[in-house]
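In what follows, a structure is listed as structure tokens, so that the remarks can point back to it.
The values are calculated or read from the model by the stated rules, or taken from the named source; none is laboratory data. All of these numbers come straight from a predicted model, not from anything done at the bench. With ideal geometry, Cβ positions are generated from the backbone for all residues, glycine too; neighbour counts draw on all protein chains shown.
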Amino acid sequence: MKDLIHQAADILAHAHRLVVLTGAGISKESGIPTFREAQQGLWAQQDPQRLATMQGFLANPTLVWDWYQFRLRLVEQAQPNPGHRAIAELEQRLPHVEVITQNVDGLHVQAGSRRVLELHGNIRRFKCLRGHGGLTMADLAGQEATPPLCPHPGCQALVRPGVVWFGENLDYRILNQAVADSEACDVMLIVGTSGVVQPAASLPYRAWNARARIIEVNPQPSELTDLAHVYLAGPAGVVLPQVLAVMSEQ
Ligand code: BV8
């Protein structure tokens, strides 16, 4: 492992344009369960097709609203961990770093990363079914109804979490930027994703096709491990600080 840490540190130290692609695994050490880890995973208890889809929301708005409020409380209690902070530190040390995350918890920005693309939205933001976006819990305060109704004058449409549900298109501006950055990077660092959900899981292939060096950090091999030039089998909050420590020695 020591040698692999040195290989990863060497590749990162020479990166001109680094893209860091993250998934639920990087927030695991902040106390937010991942999606697919059977026993502990959030999805283990719930059927994602029932909860993270428009069909699921329309079929049972209160069930879906309450589930997202449960997850929002987890996120509000969570703090960035050494993995998030190591990525923010890379942005201080390297010429160009872009974080592309599937996570809706906002912990990368909280850790100090400034260039962050939230592919799947953010659980602290809300919008109504008529498209009034940028709503926060403060805008919805005082309402008993679950889900609450849109506060825009005369609207009263149902309010939903500001996340991308399965079967919904990502924001094309964010997706186009993520594709462009993945095709322009010379190093991609993949952290804590199973590499199952599209189109996020296709971004490493774009980097690979552009001859980028690929590093993966994940305790378990993922759908993307075959692409990795260096695979570091361990938790992000432990491995990433070790890589930065070696970069400091070099
Ligand atoms: C779309 C927000 C156009 C909501 C999420 C092509 C082929 C097949 C299917 C599709 C396809 N194209 C589209 C689809 C359908 C679908 C899809 O990909 N389905 C999958 C299940 C096959 N994609 C979509 O619907 C996308 N929209 O394509 O629109 C369209 C429209 C109609 C029809 C076709 C196309 C929208 C996808 C976004 C959905 N929203 N989140 C919410 O959060 O509630 S996805 C959600 O699940 C997360 O955001 C994340 O993306 C995904 C979970 O994956 P991971 O983050 O990787 O987490 P996971 O638990 O799986 O893995 C954790 C990993 O961490 C593990 O590997 C573990 O080992 C590791 N780990 C654990 N501890 C640590 C660690 N790593 C490091 N350190 C640790 N300590």
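Scanning segment 193-214 for residues that are in contact with a Pro (Cβ under 9 Å, 6 or more places away or on another chain) and either over 14 Å from residue 119 (Cβ atoms) or part of a helix (DSSP H, G or I) (or both) yields a count of 2. Candidates in segment 83-101 are the residues that are crowded, with 21+ Cβ neighbours inside 10 Å and not in a helix (DSSP H, G or I); of these, the one that is nearest to the chain's Cα centre (by Cα) is 101. Contact map, segment 157-183: first residue under 14 Å from residue 203 (Cα atoms), second residue charged (D, E, K, R) and assigned to a helix (DSSP H, G or I), Cβ cut-off under 6 Å, separation 6 or more or different chains; pairs are 182/206; 183/206.
Pairs meeting the criteria (first residue in segment 13-26 and over 9 Å from residue 98 (Cα atoms) and part of a loop (DSSP other than H, G, I, E, B), second residue modelled with pLDDT of 95 or more and within 16 Å of the ligand (Cβ to nearest atom), beta carbons under 6 Å, at least 6 apart or on different chains) are 23/102; 23/192; 23/193. The residue that is modelled with the lowest pLDDT, counting only those in segment 37-64 that are near the ligand (Cβ under 10 Å from one of its atoms) and buried (at least 18 other Cβ atoms within 10 Å of the Cβ), is 42.
All of (1) part of a helix (DSSP H, G or I); (2) out of contact with any strand residue (DSSP E or B) (no Cβ under 8 Å at 6 or more places or on another chain); (3) under 27 Å from residue 79 (Cβ atoms) hold for residue 180 with one exception: (3). Residue pairs whose Cβ atoms lie under 7 Å apart, sitting 6 or more positions apart in sequence or on different chains, and linking a residue in segment 216-233 that is β-branched (Val, Ile, Thr) to a partner that is surrounded by 19 or more Cβ atoms within 10 Å (Cβ to Cβ) and part of a helix (DSSP H, G or I), are 217/236; 217/239; 217/240; 230/8; 230/11. Taking segment 176-223 as the range and being in contact with a Lys or Arg (Cβ under 7 Å, 6 or more places away or on another chain) and among the charged types (D, E, K, R) as the test, the residues that pass are 183, 186.
Within segment 176-194, which residues are within 12 Å of the ligand (Cβ to nearest atom) and either aromatic (Phe, Trp, Tyr) or crowded, with 24+ Cβ neighbours inside 10 Å (or both)? Across segment 176-194, the qualifying residues are 189, 190, 191, 192, 193.
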